[in-house]
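**Q** Sharing a structure below in structure tokens format, with a few things to ask.
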């Protein structure tokens, strides 16, 4: 699974962006973020920015956004729709080219949890380095935010896999994050599009369910973990 996601992030930004553009049709993610932090005029640093979904979501309220991703391919795709107050760059989540205390908000979306696949024997250490970087770039009183999936195809929140349940519990018990969640359901243009994109990113089981049940809308639960410095 880890290698498959690496291939997607390094080579298939357009398909990935097509998928994530179908998520959160209810528009619940931004209100969920605003419930835990003030984005108006904020200096934001973003980790694992991907094709810029969260970047663009927060940029119209923020004073500035410095958004980074480990994939040059993703960053180049994101640059096509870069708001004027956004600076993009390539960086590893564990070592950011941002000075101490530069940000009011540090945010990551669906990124740090990949350490559970890429470093199965040491994910706490590797994820911890990324969390430490978030806290380092924040000013006193700043807010660190982690956005992660709490279940695709389910109407109530639960961790998609046991290892992610461990990761989420670690965020809360060991790293002091508080969790809230919202529904960010997918809405596709057709059953064919839904099954194709689900097979591309998720798995055959979900894609087959979409075909069998003729689904064009798919529930998604999204967790928002936050911690104030």
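Values quoted throughout were computed directly from the atomic coordinates according to the rules given, and no laboratory measurement underlies them. Keep in mind that this is a model prediction, so the values were computed, not measured. In this analysis, Cβ positions are derived from the backbone assuming ideal geometry, glycine residues included, and neighbour counts consider all displayed protein chains.
**Q** Using Cβ counts within 10 Å as a stand-in for footprinting exposure, how do 205, 148 rank, fewest first?
**A** On the way: 205 11, 148 22.
Listing 205, 148 from fewest to most nearby Cβ atoms yields 205, 148.
**Q** Run the Debye formula on the Cα coordinates of the stretch 170-229, all scatterers equal and no solvent, and tell me log10 I(q)/I(0) at q = 0.22 1/Å.
**A** -0.79
**Q** Which residue, 78, 111, 21, tops the fluctuation ranking in a GNM of the chain built on C-alpha contacts under 10 Å?
**A** 21
**Q** Counting other beta carbons within 10 Å of each residue's own, what order do 65, 105 fall into, fewest first?
**A** 105, 65
**Q** Helix 2-11 against the longest principal axis of the chain: what's the angle in degrees, Cα atoms only, rounded to the nearest 10?
**A** 80
**Q** Convex hull over the Cα atoms of the stretch 2-183, averaged projected area in nm²?
**A** On the way: hull surface 39.1 nm².
Here the figure is 9.8 nm², rounded to one decimal.
**Q** Hey, another quick one. If you project the alpha carbons of the stretch 129-200 onto the principal axes, what extent comes out on each, in Å, largest first?
**A** 48, 25, 21
**Q** In addition: Using Cα atoms only, what is the angle between the long axis of helix 123-137 and the major principal axis of the chain, expressed in degrees (0 to 90) to the nearest 10?
**A** Taking the Cα atoms of the chain, the angle to 123-137 is about 50 degrees.
**Q** Now for a separate question. For the chain, give me the percentage of DSSP beta bridges that are antiparallel, rounded to the nearest 5 percent.
**A** Numbers: 16 of 35 bridges.
Looking only at bridges with both residues in the chain, the antiparallel portion is about 45 percent.
**Q** Let me ask another. Just want the ordering: 178, 116, from fewest to most Cβ atoms lying within 10 Å of their own Cβ. All intermediate terms of the calculation are to be shown ahead of the outcome.
**A** Values: 178 12, 116 21.
Fewest to most other Cβ atoms nearby, the residues stand as 178, 116.
**Q** Let me ask something else about it. In Å³ and rounded to a whole number, note down the convex hull volume per residue for the Cα atoms of the stretch 78-160. Write out the running numbers ahead of the final one.
**A** Details: hull volume 12.2 nm³, N = 83.
In the stretch 78-160, the Cα convex hull volume per residue is 147 Å³.
**Q** Roughly speaking, what is the centre-to-centre gap between the stretch 1-42 and the stretch 186-229 when only Cα atoms are used, to the nearest Å?
**A** Using only Cα atoms to place each centre, the spacing works out to 13 Å.
**Q** Could you tell me the relative contact order of the stretch 2-183? Use alpha-carbon pairs under 8 Å, at least six residues apart, and round to a whole percent. All intermediate terms of the calculation are to be shown ahead of the outcome.
**A** Numbers: 275 pairs, mean separation 37.0, N = 182.
The value is 20 percent.
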